[in-house]
Ligand SMILES: Cc1ncc(COP(=O)(O)O)c(C=O)c1O
């Protein structure tokens, strides 16, 4: 299906889409068919992504940016074409603003070390939220501890939504940066990125958006949001692991020292000094994850073919159906009731440890996640050590929701 002639939701044939994911065609010898409801952790991979990676290794394996022979030129073209795809996927102004990293965590750490730390003074302030994934929390916390800066937290309201009044009070002329998740990976809360970004900019703070969970929720437009940095991982977008993206405004990436040093990011090296390459190469030292980049390109084509809005509409329908069924259930608590929820639900089964729930369901072929979801400050806010999380993807169906509900009824009754 070509971008530009996308199907409407009614036309989406989930069965047909699911058949493009080889993992679902396995027939387990014992145990039930896989019901995969851990999409917030990672998504399954369609055949086109697997093929793109295999074709690179079997058809034109070579390093990029250097060789002048045919596999090298083909690999370089495929690699750089993905950069263009990412640029359009998030509506960046320029392809120079797209830096490949190994994932969201890597991209955030790189912004911390190359952008924040060099300029961070005692008394400066960094703002995060109480709902951050550790990947968008610990790097800022450690930088502040090291430099004598202050880490401030935007608290949550009972619904799980951010308390915008407190946020506005936290902003001062010392605010260096606001680091915020677009979507909570544990509660599904969707944050108002436009409002948060413009408020932070009013006091001169920069804004980094952790879009790890946003990529299949809505079409990203970095120019409309006006964020300074944005990060995401390929593996949550039906792409491979080990590849991610750091978007940064060109003038910021230009002004920053290189994210790391080595081959491929220089103009000239002498014994005394090095001059660095232009963007984006300046920030991509060493051999990149070439197959990962090519796989990410195929994943973006796949997502564009379906339409992010259609993926979202489908998973939202499943989420609403699941919420409806869960609310009818005795002995199950759903955490949070945000104004806008992405396609994930955190819940608890009365008197049953989340790991017992996930193990019980796992034995029946139902994959959900249990634990703190790398959000321990959020778990402290919820006053629990962990939750059970159900998260939907494009290949899930209402039958999957029914299966997990049946499983939850069984587990509740078994432990009662
Ligand atoms: C909101 C959020 N931020 C950051 C991360 C870290 O992503 P990665 O492990 O791909 O670097 C995750 C992963 O679950 C996430 O959900």
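Every number in this text was worked out from the coordinates using simple rules, so none of it is lab data. Fair warning: this is a prediction, and the values are worked out from it, not measured in the lab. As a convention, Cβ positions derive from the backbone with ideal geometry for all residues, glycine included, and neighbour counts pool all protein chains shown.
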Subject >> Average Cα contact separation per residue, segment 51-304, under 8 Å, 6 or more apart, as relative contact order % >> reply: 24 percent
**OP:** Give the order of 70, 140 when sorted by the count of other beta carbons within 10 angstrom, beginning with the fewest.
**Re:** 70, 140
Subject >> Order of 36, 57, 247 - criterion: other Cβ atoms within 10 Å of each residue's Cβ, fewest first >> reply: 57, 36, 247
**OP:** Please give the calculated 222 nm ellipticity per residue for the chain, where each DSSP H segment of at least 4 residues contributes -39500 (n - 2.57) and the sum is spread over every residue; nearest 500 deg cm²/dmol?
**Re:** -11000 deg cm²/dmol
Subject >> Principal axis dimensions, segment 217-293 - Cα atoms, whole angstrom, descending >> reply: 49, 29, 12
**OP:** Going by C-beta contacts inside 10 Å, put 227, 144, 374 in order with the fewest on the left.
**Re:** 374, 144, 227
Original post:
Taking Cα centroids, how far is segment 307-351 from segment 244-303 in Å?
Top reply: 39 Å
**OP:** Give me the Kirkwood hydrodynamic radius of segment 93-233, using the inverse of the mean 1/r over all pairs of distinct Cα atoms, in Å to one decimal.
**Re:** 15.1 Å
**OP:** Over all alpha-carbon pairs of the chain, lay out the pair-distance distribution in 20 Å bins, whole %, shortest bin first.
**Re:** 26, 55, 19, 1
**OP:** Could you tell me what percent of the DSSP beta bridges with both partners in the chain are antiparallel, to the nearest 5?
**Re:** 60 percent
